[in-house]
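Read through the structure below, which is laid out as C-alpha coordinates, and then see the notes.
The values are calculated or read from the model by the stated rules, or taken from the named source; none is laboratory data. All figures in this text were calculated on a predicted structure; none of them were measured in a lab. Quick reminder, even Gly has a Cβ in these numbers, built from the backbone with ideal geometry, and neighbours come from all protein chains shown. Please note that ligands, DNA and RNA were not included when accessible areas were found on the heavy atoms of the full protein model with its side chains. Shrake-Rupley method; radii C 1.70, N 1.55, O 1.52, S 1.80 Å.
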Amino acid sequence: MRWFVSLLLLLLLVVPASALGSVGDSRILLAEGILGELKGDGPGMAALQDAATWYPAYPRAVIDSAGVMTTLYRPADRIIVMNSDAADAISVLGIDDRVVGVGDVIPTRPLQFPTMTGVQSIGKYNEPDIEAIMALRPDLLISYVLWPDAEKLDRHLPDRIGIVKLDFYKADAFRDELSTLAHITGTSDAATEYIEWYDGIQTLVNERISRVPDDERARVFIDYGSGRTTGRRTMAEGTGLHDIVTAAGGINVAAGYVTGYADVENEWVIKERPDLVLIWSPKGGYVPGEEDLFREARDDLMTMPGFGNIPAIRDDEVYVISSAFGFGSSSPVAVLRVAMLLYPDEFADIDFNEVHQEYFSRFTQSDEEIRTLGTFYYPER
Amino acid sequence: MNRMRQSLLIITAIMLCTGIASAGLDRTFSYDDGLVFVHLSLPEGMIGGISEEIPPGFTYLKTTHPSDQVEILGRTIHFAVIGEDTITYTLQGQGEPAISGRLLLLSGDEEIPAEASPAPILGAIGASSLCLLMLWRRSR
(Lines give C-alpha, C1' and ligand atoms only; values in the text may rest on other atoms or scores of the structure.)
Protein backbone atom coordinates (compact mmCIF):
# COMPACT_ATOMS: atom_id res chain seq x y z
CA MET A 1 0.00 0.00 0.00
CA ARG A 2 2.89 2.38 0.76
CA TRP A 3 4.17 2.32 -2.87
CA PHE A 4 0.65 3.06 -4.11
CA VAL A 5 0.44 6.21 -1.96
CA SER A 6 3.91 7.23 -3.15
CA LEU A 7 2.91 6.85 -6.79
CA LEU A 8 -0.26 8.87 -6.21
CA LEU A 9 1.74 11.66 -4.55
CA LEU A 10 4.24 11.65 -7.42
CA LEU A 11 1.48 11.97 -9.99
CA LEU A 12 -0.12 14.83 -8.05
CA LEU A 13 3.19 16.68 -7.96
CA VAL A 14 3.57 16.68 -11.73
CA VAL A 15 0.18 18.36 -12.24
CA PRO A 16 0.83 21.99 -13.04
CA ALA A 17 -0.55 24.38 -10.43
CA SER A 18 -2.18 26.54 -13.06
CA ALA A 19 -2.03 25.91 -16.80
CA LEU A 20 -2.91 29.41 -17.99
CA GLY A 21 -2.73 32.54 -15.89
CA SER A 22 -4.49 35.85 -16.34
CA VAL A 23 -3.30 37.65 -19.44
CA GLY A 24 -5.45 40.72 -19.11
CA ASP A 25 -6.99 42.47 -22.06
CA SER A 26 -6.09 40.03 -24.81
CA ARG A 27 -8.17 37.29 -23.14
CA ILE A 28 -11.24 39.53 -22.97
CA LEU A 29 -10.77 40.73 -26.56
CA LEU A 30 -10.34 37.20 -27.83
CA ALA A 31 -13.39 36.03 -25.88
CA GLU A 32 -15.46 38.87 -27.34
CA GLY A 33 -14.29 37.94 -30.83
CA ILE A 34 -15.13 34.25 -30.38
CA LEU A 35 -18.54 34.95 -28.84
CA GLY A 36 -19.26 37.37 -31.69
CA GLU A 37 -18.30 34.73 -34.26
CA LEU A 38 -20.55 32.14 -32.60
CA LYS A 39 -23.43 34.61 -32.81
CA GLY A 40 -22.66 35.48 -36.43
CA ASP A 41 -21.24 38.99 -36.01
CA GLY A 42 -17.61 38.31 -35.19
CA PRO A 43 -14.43 39.59 -36.78
CA GLY A 44 -14.20 36.55 -39.09
CA MET A 45 -12.40 33.23 -38.95
CA ALA A 46 -9.16 34.52 -40.47
CA ALA A 47 -8.80 37.21 -37.79
CA LEU A 48 -9.65 34.78 -34.99
CA GLN A 49 -7.23 32.15 -36.29
CA ASP A 50 -4.53 34.85 -36.31
CA ALA A 51 -5.49 35.77 -32.75
CA ALA A 52 -5.33 32.11 -31.64
CA THR A 53 -1.85 31.83 -33.14
CA TRP A 54 -0.56 35.03 -31.50
CA TYR A 55 -2.40 34.77 -28.18
CA PRO A 56 -1.63 36.06 -25.52
CA ALA A 57 0.37 38.84 -27.27
CA TYR A 58 -2.69 39.54 -29.44
CA PRO A 59 -5.46 40.65 -29.87
CA ARG A 60 -4.69 44.23 -28.90
CA ALA A 61 -7.09 47.13 -28.98
CA VAL A 62 -6.77 50.88 -28.70
CA ILE A 63 -9.13 53.83 -28.69
CA ASP A 64 -7.70 56.45 -31.03
CA SER A 65 -7.98 60.24 -30.90
CA ALA A 66 -11.23 60.05 -32.87
CA GLY A 67 -12.68 57.96 -30.02
CA VAL A 68 -12.90 54.83 -32.17
CA MET A 69 -11.75 51.43 -30.95
CA THR A 70 -9.53 49.42 -33.28
CA THR A 71 -8.56 45.81 -32.63
CA LEU A 72 -5.61 44.06 -34.22
CA TYR A 73 -5.61 40.26 -34.17
CA ARG A 74 -2.00 39.87 -35.26
CA PRO A 75 1.16 42.01 -35.13
CA ALA A 76 1.16 45.02 -37.46
CA ASP A 77 3.99 44.00 -39.78
CA ARG A 78 2.77 46.10 -42.71
CA ILE A 79 2.07 49.71 -41.78
CA ILE A 80 1.00 52.70 -43.87
CA VAL A 81 1.75 56.19 -42.55
CA MET A 82 -0.41 58.80 -44.24
CA ASN A 83 1.50 61.90 -43.10
CA SER A 84 4.85 63.15 -41.79
CA ASP A 85 3.67 63.39 -38.17
CA ALA A 86 2.81 59.69 -38.14
CA ALA A 87 6.15 58.93 -39.83
CA ASP A 88 7.88 60.90 -37.07
CA ALA A 89 6.13 58.81 -34.39
CA ILE A 90 7.01 55.59 -36.20
CA SER A 91 10.66 56.71 -36.25
CA VAL A 92 10.61 57.31 -32.50
CA LEU A 93 9.35 53.76 -31.99
CA GLY A 94 12.05 52.42 -34.31
CA ILE A 95 9.67 50.46 -36.55
CA ASP A 96 10.26 52.29 -39.82
CA ASP A 97 11.25 48.92 -41.33
CA ARG A 98 7.59 47.84 -41.07
CA VAL A 99 6.36 50.77 -43.20
CA VAL A 100 5.13 49.63 -46.62
CA GLY A 101 3.32 52.81 -47.72
CA VAL A 102 3.65 56.53 -47.04
CA GLY A 103 1.89 59.82 -47.74
CA ASP A 104 3.38 61.70 -50.67
CA VAL A 105 5.19 64.24 -48.49
CA ILE A 106 7.53 61.64 -46.98
CA PRO A 107 9.62 61.03 -50.12
CA THR A 108 10.25 64.81 -50.28
CA ARG A 109 12.04 64.69 -46.91
CA PRO A 110 14.97 62.33 -47.42
CA LEU A 111 17.03 63.89 -44.64
CA GLN A 112 14.27 63.52 -42.06
CA PHE A 113 13.04 60.10 -43.15
CA PRO A 114 15.91 58.45 -45.03
CA THR A 115 14.59 54.94 -44.41
CA MET A 116 11.09 55.75 -45.68
CA THR A 117 11.95 57.86 -48.71
CA GLY A 118 11.94 54.92 -51.11
CA VAL A 119 8.70 53.43 -49.81
CA GLN A 120 5.62 53.30 -52.07
CA SER A 121 3.53 56.50 -51.99
CA ILE A 122 -0.22 56.17 -51.33
CA GLY A 123 -1.07 59.73 -52.34
CA LYS A 124 -1.89 62.80 -50.30
CA TYR A 125 -2.66 62.69 -46.60
CA ASN A 126 -6.20 63.92 -47.34
CA GLU A 127 -6.70 62.36 -50.82
CA PRO A 128 -5.34 58.82 -50.59
CA ASP A 129 -5.14 56.39 -53.49
CA ILE A 130 -7.33 53.50 -52.30
CA GLU A 131 -6.09 51.08 -54.95
CA ALA A 132 -2.48 51.73 -53.95
CA ILE A 133 -3.39 51.13 -50.30
CA MET A 134 -5.18 47.85 -51.06
CA ALA A 135 -2.29 46.59 -53.19
CA LEU A 136 0.08 47.03 -50.25
CA ARG A 137 -2.01 44.68 -48.03
CA PRO A 138 -1.45 46.72 -44.85
CA ASP A 139 -2.28 45.48 -41.34
CA LEU A 140 -2.43 49.01 -39.96
CA LEU A 141 -2.93 52.49 -41.37
CA ILE A 142 -2.23 55.67 -39.39
CA SER A 143 -3.97 58.90 -40.41
CA TYR A 144 -4.93 62.25 -38.94
CA VAL A 145 -8.21 62.47 -37.04
CA LEU A 146 -9.87 64.85 -39.52
CA TRP A 147 -8.11 63.98 -42.78
CA PRO A 148 -8.98 62.17 -44.93
CA ASP A 149 -12.66 61.98 -44.09
CA ALA A 150 -14.29 58.57 -43.86
CA GLU A 151 -15.81 58.87 -47.34
CA LYS A 152 -12.33 58.99 -48.83
CA LEU A 153 -10.76 56.23 -46.75
CA ASP A 154 -12.57 54.20 -44.09
CA ARG A 155 -15.56 53.09 -46.09
CA HIS A 156 -13.37 51.73 -48.91
CA LEU A 157 -11.20 49.49 -46.74
CA PRO A 158 -12.02 46.00 -45.38
CA ASP A 159 -12.30 45.45 -41.63
CA ARG A 160 -9.07 43.46 -41.54
CA ILE A 161 -7.10 46.70 -42.03
CA GLY A 162 -6.86 48.56 -38.74
CA ILE A 163 -7.25 52.31 -39.11
CA VAL A 164 -5.90 54.31 -36.19
CA LYS A 165 -6.39 58.08 -36.20
CA LEU A 166 -3.73 59.93 -34.28
CA ASP A 167 -2.61 63.52 -34.91
CA PHE A 168 0.86 63.68 -33.32
CA TYR A 169 1.02 67.45 -33.93
CA LYS A 170 -0.70 68.58 -30.74
CA ALA A 171 1.80 69.02 -27.93
CA ASP A 172 -0.70 68.19 -25.18
CA ALA A 173 -1.77 64.92 -26.85
CA PHE A 174 1.55 63.69 -28.28
CA ARG A 175 2.59 61.68 -25.24
CA ASP A 176 -0.70 59.76 -25.03
CA GLU A 177 -0.88 59.26 -28.77
CA LEU A 178 2.60 57.77 -28.84
CA SER A 179 1.65 55.34 -26.06
CA THR A 180 -1.44 54.35 -28.04
CA LEU A 181 0.58 53.64 -31.18
CA ALA A 182 3.18 51.76 -29.12
CA HIS A 183 0.50 49.50 -27.62
CA ILE A 184 -1.07 48.51 -30.92
CA THR A 185 2.34 47.93 -32.53
CA GLY A 186 3.84 46.11 -29.55
CA THR A 187 6.63 48.66 -29.07
CA SER A 188 5.99 49.79 -25.51
CA ASP A 189 9.68 49.58 -24.54
CA ALA A 190 10.66 52.13 -27.18
CA ALA A 191 7.79 54.39 -26.15
CA THR A 192 8.81 54.15 -22.50
CA GLU A 193 12.36 55.17 -23.38
CA TYR A 194 11.10 58.23 -25.28
CA ILE A 195 8.54 59.19 -22.64
CA GLU A 196 11.17 59.03 -19.89
CA TRP A 197 13.33 61.41 -21.92
CA TYR A 198 10.28 63.62 -22.67
CA ASP A 199 9.30 63.77 -19.00
CA GLY A 200 12.91 64.46 -18.01
CA ILE A 201 13.00 67.58 -20.18
CA GLN A 202 9.59 68.75 -19.01
CA THR A 203 10.68 68.31 -15.39
CA LEU A 204 13.92 70.21 -16.00
CA VAL A 205 12.05 73.12 -17.63
CA ASN A 206 9.33 73.19 -14.98
CA GLU A 207 11.88 73.14 -12.18
CA ARG A 208 13.91 76.01 -13.62
CA ILE A 209 10.99 78.28 -14.57
CA SER A 210 9.36 77.75 -11.18
CA ARG A 211 12.22 79.88 -9.78
CA VAL A 212 11.08 82.85 -11.87
CA PRO A 213 8.59 85.04 -9.98
CA ASP A 214 5.29 85.69 -11.74
CA ASP A 215 5.99 89.40 -12.15
CA GLU A 216 9.27 88.63 -13.89
CA ARG A 217 7.80 86.27 -16.49
CA ALA A 218 8.78 87.23 -20.04
CA ARG A 219 6.05 88.70 -22.28
CA VAL A 220 6.24 87.20 -25.77
CA PHE A 221 4.77 88.21 -29.11
CA ILE A 222 4.48 85.38 -31.66
CA ASP A 223 4.87 86.58 -35.23
CA TYR A 224 3.63 84.50 -38.18
CA GLY A 225 4.38 87.02 -40.93
CA SER A 226 2.26 89.80 -42.38
CA GLY A 227 -1.41 89.82 -41.47
CA ARG A 228 -3.93 88.78 -44.10
CA THR A 229 -6.06 91.85 -43.56
CA THR A 230 -3.97 94.06 -41.31
CA GLY A 231 -0.75 94.36 -39.32
CA ARG A 232 0.89 91.11 -38.25
CA ARG A 233 -0.42 87.56 -38.00
CA THR A 234 -0.07 85.99 -34.58
CA MET A 235 -0.79 82.73 -32.80
CA ALA A 236 -2.81 82.55 -29.59
CA GLU A 237 -4.54 79.80 -27.60
CA GLY A 238 -5.10 76.63 -29.62
CA THR A 239 -1.89 76.87 -31.62
CA GLY A 240 1.38 74.96 -31.37
CA LEU A 241 3.71 77.85 -30.59
CA HIS A 242 1.36 79.29 -27.97
CA ASP A 243 1.57 75.94 -26.16
CA ILE A 244 5.36 75.98 -26.40
CA VAL A 245 5.63 79.55 -25.07
CA THR A 246 3.32 78.71 -22.17
CA ALA A 247 5.16 75.46 -21.37
CA ALA A 248 8.42 77.43 -21.40
CA GLY A 249 7.08 79.82 -18.76
CA GLY A 250 6.38 82.75 -21.06
CA ILE A 251 3.28 84.93 -21.35
CA ASN A 252 1.81 85.18 -24.85
CA VAL A 253 0.67 88.81 -25.10
CA ALA A 254 -1.98 87.85 -27.66
CA ALA A 255 -3.66 85.32 -25.34
CA GLY A 256 -7.00 86.71 -24.31
CA TYR A 257 -6.85 89.32 -27.08
CA VAL A 258 -7.38 86.93 -30.00
CA THR A 259 -7.66 83.15 -30.36
CA GLY A 260 -5.98 80.71 -32.74
CA TYR A 261 -4.32 82.24 -35.78
CA ALA A 262 -5.35 85.90 -36.05
CA ASP A 263 -4.29 89.30 -37.37
CA VAL A 264 -3.39 92.08 -34.95
CA GLU A 265 -2.72 95.76 -35.66
CA ASN A 266 0.90 96.97 -35.65
CA GLU A 267 -0.06 99.64 -33.13
CA TRP A 268 -1.32 96.99 -30.77
CA VAL A 269 2.00 95.10 -30.96
CA ILE A 270 3.93 98.31 -30.26
CA LYS A 271 1.65 99.14 -27.33
CA GLU A 272 2.07 95.65 -25.81
CA ARG A 273 5.86 96.16 -25.57
CA PRO A 274 6.81 92.43 -25.61
CA ASP A 275 10.16 91.42 -24.08
CA LEU A 276 10.79 88.84 -26.79
CA VAL A 277 9.44 88.06 -30.27
CA LEU A 278 9.29 84.55 -31.69
CA ILE A 279 8.82 84.24 -35.42
CA TRP A 280 7.19 80.95 -36.44
CA SER A 281 8.49 79.78 -39.80
CA PRO A 282 7.33 76.88 -41.97
CA LYS A 283 10.81 76.94 -43.56
CA GLY A 284 14.06 75.36 -42.45
CA GLY A 285 14.00 72.40 -40.14
CA TYR A 286 15.04 69.28 -42.05
CA VAL A 287 15.62 71.26 -45.25
CA PRO A 288 19.22 72.48 -45.29
CA GLY A 289 20.38 75.86 -46.56
CA GLU A 290 17.37 77.94 -45.51
CA GLU A 291 19.05 80.04 -42.87
CA ASP A 292 18.88 83.06 -45.19
CA LEU A 293 15.08 82.84 -45.18
CA PHE A 294 15.13 82.94 -41.40
CA ARG A 295 17.45 85.96 -41.47
CA GLU A 296 15.17 87.78 -43.97
CA ALA A 297 12.06 87.13 -41.88
CA ARG A 298 13.81 88.47 -38.81
CA ASP A 299 15.13 91.57 -40.62
CA ASP A 300 11.68 92.31 -42.08
CA LEU A 301 10.12 92.37 -38.65
CA MET A 302 12.88 94.34 -36.98
CA THR A 303 12.69 97.11 -39.59
CA MET A 304 8.92 97.55 -39.37
CA PRO A 305 8.07 101.23 -38.90
CA GLY A 306 7.62 102.05 -35.19
CA PHE A 307 8.80 98.63 -33.99
CA GLY A 308 12.18 100.03 -32.91
CA ASN A 309 10.61 101.12 -29.64
CA ILE A 310 9.52 97.62 -28.72
CA PRO A 311 11.84 96.26 -25.98
CA ALA A 312 12.31 92.95 -27.84
CA ILE A 313 13.46 94.76 -31.01
CA ARG A 314 15.55 97.29 -29.12
CA ASP A 315 17.31 94.54 -27.13
CA ASP A 316 17.70 92.23 -30.16
CA GLU A 317 15.50 89.56 -28.59
CA VAL A 318 13.92 88.33 -31.83
CA TYR A 319 14.23 84.66 -32.78
CA VAL A 320 12.94 82.46 -35.57
CA ILE A 321 11.69 78.96 -34.78
CA SER A 322 11.03 76.34 -37.46
CA SER A 323 7.64 74.64 -37.30
CA ALA A 324 9.49 71.36 -38.03
CA PHE A 325 11.07 71.81 -34.63
CA GLY A 326 7.99 72.71 -32.63
CA PHE A 327 5.62 69.91 -33.61
CA GLY A 328 5.78 66.21 -32.91
CA SER A 329 8.50 64.27 -31.16
CA SER A 330 10.94 67.22 -31.04
CA SER A 331 8.50 69.50 -29.20
CA PRO A 332 10.24 69.00 -25.79
CA VAL A 333 13.48 70.26 -27.41
CA ALA A 334 11.59 73.29 -28.71
CA VAL A 335 10.17 73.97 -25.23
CA LEU A 336 13.68 73.82 -23.79
CA ARG A 337 15.02 76.11 -26.54
CA VAL A 338 12.31 78.73 -25.90
CA ALA A 339 12.70 78.48 -22.10
CA MET A 340 16.45 79.05 -22.53
CA LEU A 341 15.75 82.11 -24.69
CA LEU A 342 13.33 83.53 -22.13
CA TYR A 343 15.38 82.81 -19.00
CA PRO A 344 19.02 82.24 -20.01
CA ASP A 345 20.35 82.63 -16.46
CA GLU A 346 18.22 79.73 -15.22
CA PHE A 347 19.68 77.39 -17.85
CA ALA A 348 23.29 78.55 -17.85
CA ASP A 349 24.51 75.02 -17.11
CA ILE A 350 22.56 73.36 -19.93
CA ASP A 351 24.20 72.69 -23.30
CA PHE A 352 21.25 72.96 -25.67
CA ASN A 353 23.08 71.51 -28.67
CA GLU A 354 23.92 68.43 -26.65
CA VAL A 355 20.23 67.88 -25.85
CA HIS A 356 19.26 68.45 -29.47
CA GLN A 357 21.86 65.99 -30.73
CA GLU A 358 20.72 63.43 -28.18
CA TYR A 359 17.18 63.76 -29.55
CA PHE A 360 18.39 63.22 -33.12
CA SER A 361 20.50 60.21 -32.31
CA ARG A 362 18.11 58.44 -29.94
CA PHE A 363 14.69 59.15 -31.41
CA THR A 364 14.99 59.83 -35.13
CA GLN A 365 16.36 57.98 -38.12
CA SER A 366 17.41 61.32 -39.60
CA ASP A 367 20.51 61.66 -41.71
CA GLU A 368 23.73 62.73 -40.01
CA GLU A 369 23.94 65.67 -42.45
CA ILE A 370 20.81 67.35 -41.11
CA ARG A 371 22.27 67.65 -37.66
CA THR A 372 24.75 70.23 -38.89
CA LEU A 373 23.01 71.73 -41.94
CA GLY A 374 19.41 71.97 -40.74
CA THR A 375 18.12 75.31 -39.43
CA PHE A 376 15.76 74.76 -36.54
CA TYR A 377 16.07 78.19 -34.92
CA TYR A 378 17.86 81.44 -35.64
CA PRO A 379 20.02 83.06 -34.41
CA GLU A 380 22.05 81.38 -31.70
CA ARG A 381 21.67 83.49 -28.60
CA MET B 1 -0.13 -11.05 -9.08
CA ASN B 2 3.46 -9.94 -8.79
CA ARG B 3 4.68 -6.35 -8.57
CA MET B 4 5.97 -6.32 -12.18
CA ARG B 5 2.57 -7.24 -13.64
CA GLN B 6 0.83 -4.74 -11.39
CA SER B 7 3.15 -1.92 -12.55
CA LEU B 8 2.61 -2.87 -16.20
CA LEU B 9 -1.16 -2.69 -15.72
CA ILE B 10 -0.87 0.73 -14.09
CA ILE B 11 1.25 2.17 -16.89
CA THR B 12 -1.14 0.78 -19.50
CA ALA B 13 -4.11 2.33 -17.66
CA ILE B 14 -2.39 5.73 -17.52
CA MET B 15 -1.58 5.66 -21.23
CA LEU B 16 -5.13 4.67 -22.16
CA CYS B 17 -6.71 7.36 -20.00
CA THR B 18 -4.42 10.06 -21.41
CA GLY B 19 -5.28 9.02 -24.94
CA ILE B 20 -9.01 9.21 -24.40
CA ALA B 21 -8.88 12.56 -22.64
CA SER B 22 -6.80 14.09 -25.43
CA ALA B 23 -8.98 12.87 -28.25
CA GLY B 24 -11.45 15.79 -28.36
CA LEU B 25 -14.63 17.24 -26.99
CA ASP B 26 -16.60 14.97 -24.67
CA ARG B 27 -19.96 15.70 -23.02
CA THR B 28 -21.05 13.79 -19.88
CA PHE B 29 -23.87 14.29 -17.41
CA SER B 30 -24.39 13.90 -13.69
CA TYR B 31 -27.63 14.43 -11.78
CA ASP B 32 -28.77 15.63 -8.41
CA ASP B 33 -32.35 16.29 -7.36
CA GLY B 34 -33.75 17.85 -10.54
CA LEU B 35 -30.44 19.37 -11.54
CA VAL B 36 -28.40 18.23 -14.50
CA PHE B 37 -24.68 18.95 -14.49
CA VAL B 38 -23.26 19.01 -17.99
CA HIS B 39 -19.51 18.40 -18.11
CA LEU B 40 -17.61 19.27 -21.26
CA SER B 41 -14.07 17.91 -21.54
CA LEU B 42 -12.18 20.00 -24.07
CA PRO B 43 -9.21 19.27 -26.30
CA GLU B 44 -5.91 20.22 -24.72
CA GLY B 45 -5.10 23.92 -24.93
CA MET B 46 -8.12 24.59 -27.10
CA ILE B 47 -8.83 28.09 -28.33
CA GLY B 48 -12.24 28.40 -29.90
CA GLY B 49 -15.89 28.37 -29.06
CA ILE B 50 -18.76 26.06 -28.21
CA SER B 51 -22.45 26.68 -28.69
CA GLU B 52 -24.83 24.43 -26.73
CA GLU B 53 -28.48 24.29 -27.76
CA ILE B 54 -30.60 23.41 -24.71
CA PRO B 55 -33.76 21.42 -25.48
CA PRO B 56 -37.21 22.48 -24.25
CA GLY B 57 -37.96 21.24 -20.73
CA PHE B 58 -34.59 22.32 -19.40
CA THR B 59 -33.54 25.67 -17.99
CA TYR B 60 -29.99 26.97 -17.86
CA LEU B 61 -28.94 27.97 -14.32
CA LYS B 62 -25.19 28.65 -14.10
CA THR B 63 -21.69 27.68 -15.17
CA THR B 64 -18.21 27.41 -13.74
CA HIS B 65 -16.79 29.10 -16.85
CA PRO B 66 -15.53 32.72 -16.56
CA SER B 67 -18.56 34.99 -16.89
CA ASP B 68 -16.95 37.20 -19.57
CA GLN B 69 -16.50 34.12 -21.75
CA VAL B 70 -20.16 33.13 -21.71
CA GLU B 71 -23.18 34.54 -23.48
CA ILE B 72 -26.72 33.19 -23.33
CA LEU B 73 -29.09 33.89 -26.18
CA GLY B 74 -32.48 32.24 -25.79
CA ARG B 75 -31.88 28.48 -25.59
CA THR B 76 -28.29 28.75 -26.81
CA ILE B 77 -25.30 29.06 -24.53
CA HIS B 78 -22.12 30.34 -26.19
CA PHE B 79 -18.78 29.62 -24.55
CA ALA B 80 -15.47 31.19 -25.57
CA VAL B 81 -12.73 28.71 -24.74
CA ILE B 82 -9.22 30.04 -24.18
CA GLY B 83 -7.15 27.15 -22.92
CA GLU B 84 -9.65 25.84 -20.38
CA ASP B 85 -9.83 22.04 -20.01
CA THR B 86 -13.38 21.65 -18.85
CA ILE B 87 -16.64 23.51 -18.72
CA THR B 88 -19.41 22.55 -16.33
CA TYR B 89 -22.82 24.11 -16.53
CA THR B 90 -26.02 23.40 -14.65
CA LEU B 91 -29.49 22.88 -16.03
CA GLN B 92 -32.77 22.42 -14.26
CA GLY B 93 -34.97 19.63 -15.61
CA GLN B 94 -35.65 15.92 -15.55
CA GLY B 95 -33.82 13.16 -17.44
CA GLU B 96 -30.97 13.42 -19.90
CA PRO B 97 -31.19 16.51 -22.13
CA ALA B 98 -30.67 16.02 -25.87
CA ILE B 99 -28.20 18.84 -26.33
CA SER B 100 -26.89 19.71 -29.74
CA GLY B 101 -23.52 21.40 -29.76
CA ARG B 102 -21.39 23.29 -32.24
CA LEU B 103 -17.62 23.54 -32.04
CA LEU B 104 -15.54 26.40 -33.38
CA LEU B 105 -11.91 25.29 -33.31
CA LEU B 106 -9.35 28.03 -33.93
CA SER B 107 -6.12 26.39 -32.80
CA GLY B 108 -4.63 23.20 -34.17
CA ASP B 109 -2.94 20.51 -32.05
CA GLU B 110 0.47 21.50 -33.34
CA GLU B 111 0.15 24.88 -31.62
CA ILE B 112 -0.90 23.51 -28.26
CA PRO B 113 1.85 23.53 -25.67
CA ALA B 114 2.15 20.26 -23.75
CA GLU B 115 1.85 22.00 -20.39
CA ALA B 116 -1.34 23.81 -21.37
CA SER B 117 -3.79 21.30 -19.97
CA PRO B 118 -3.61 19.25 -16.81
CA ALA B 119 -6.82 17.41 -17.63
CA PRO B 120 -5.35 14.14 -19.03
CA ILE B 121 -3.07 13.82 -16.04
CA LEU B 122 -5.93 14.34 -13.64
CA GLY B 123 -7.95 11.76 -15.53
CA ALA B 124 -5.02 9.37 -15.43
CA ILE B 125 -4.63 9.83 -11.70
CA GLY B 126 -8.28 8.98 -11.13
CA ALA B 127 -8.28 5.98 -13.44
CA SER B 128 -5.01 4.57 -12.18
CA SER B 129 -6.09 5.04 -8.58
CA LEU B 130 -9.22 3.02 -9.29
CA CYS B 131 -7.18 0.35 -11.04
CA LEU B 132 -4.71 0.12 -8.21
CA LEU B 133 -7.44 -0.10 -5.62
CA MET B 134 -9.00 -3.04 -7.50
CA LEU B 135 -5.66 -4.81 -7.83
CA TRP B 136 -4.86 -4.21 -4.20
CA ARG B 137 -8.21 -5.63 -3.07
CA ARG B 138 -7.81 -8.69 -5.33
CA SER B 139 -4.30 -9.43 -4.10
CA ARG B 140 -5.46 -9.51 -0.45
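Data overview
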read-out	value
Total residues in segment A:275-302, condition under 24 Å from residue A:251 (Cα atoms) and out of contact with any Ser or Thr (no Cβ under 9 Å at 6 or more places or on another chain)	9
Residue check for residue A:330: under 25 Å from residue A:254 (Cβ atoms), among the polar types (S, T, N, Q) and out of contact with any strand residue (DSSP E or B) (no Cβ under 8 Å at 6 or more places or on another chain)	yes
Top-ranked residue of segment A:44-89 - restricted to ones that are without any contact (Cβ under 8 Å) to a residue 24 or more places away in the chain and not small (Gly, Ala, Ser), ranked as farthest from the other protein chains (Cβ to nearest Cβ)	A:69
Single condition residue A:204 does not satisfy, out of (1) closer than 29 Å to residue A:305 by Cβ; (2) within 22 Å of the chain's Cα centre (by Cα); (3) surrounded by fewer than 21 Cβ atoms within 10 Å (Cβ to Cβ)	(1)
Within segment B:74-88, tally of residues that are part of a strand (DSSP E or B), open to solvent by less than 40 Å² (accessible area, probe 1.4 Å) and within 14 Å of chain A (Cβ to nearest Cβ)	8
Only one of A:336, A:342 that is surrounded by 16 or more Cβ atoms within 10 Å (Cβ to Cβ) and either under 22 Å from the mean Cα position of the chain (by Cα) or more than 23 Å from residue A:198 (Cα to Cα) (or both)	A:336
Any hit, segment A:217-238, residues being in a helix (DSSP H, G or I) and either touching a Leu at 6+ places or on another chain (Cβ under 9 Å) or assigned by TED's automatic domain parsing to the domain that holds residue A:293 (or both)	no
Qualifying positions in segment A:216-265 - open to solvent by 20 Å² or more (accessible area, probe 1.4 Å) and β-branched (Val, Ile, Thr)	A:229, A:230, A:246, A:251, A:258, A:259
Flag for residue A:121 being in contact with a helix residue (DSSP H, G or I) (Cβ under 9 Å, 6 or more places away or on another chain), open to solvent by less than 20 Å² (accessible area, probe 1.4 Å) and among the polar types (S, T, N, Q)	no
Criterion violated by residue A:177 - all others in (1) open to solvent by 20 Å² or more (accessible area, probe 1.4 Å); (2) assigned to a helix (DSSP H, G or I); (3) closer than 18 Å to residue A:327 by Cβ satisfied	(1)
Positions within segment A:134-174 being open to solvent by 50 Å² or more (accessible area, probe 1.4 Å) and closer than 17 Å to residue A:100 by Cα, in sequence order	A:134, A:135, A:137, A:160
Residue check, residue A:327 aromatic (Phe, Trp, Tyr) and open to solvent by 40 Å² or more (accessible area, probe 1.4 Å)	yes
Cβ pairs under 9 Å, 6+ apart, first in segment B:61-90 and free of Cβ contacts under 8 Å to residues at least 40 places away in the same chain, second of a type in the set (A, V, I, L, M, F, W, C) and open to solvent by 40 Å² or more (accessible area, probe 1.4 Å)	B:61/B:35; B:68/A:28; B:69/A:28; B:78/B:72; B:82/A:20; B:82/A:23; B:83/A:20
Selection count, segment A:45-77, where residues are within 18 Å of residue A:154 (Cβ to Cβ), part of a loop (DSSP other than H, G, I, E, B) and open to solvent by 20 Å² or more (accessible area, probe 1.4 Å)	4
Boolean, residue B:71 is among the charged types (D, E, K, R), part of a strand (DSSP E or B) and either surrounded by 15 or more Cβ atoms within 10 Å (Cβ to Cβ) or over 17 Å from the mean Cα position of the chain (by Cα) (or both)	yes
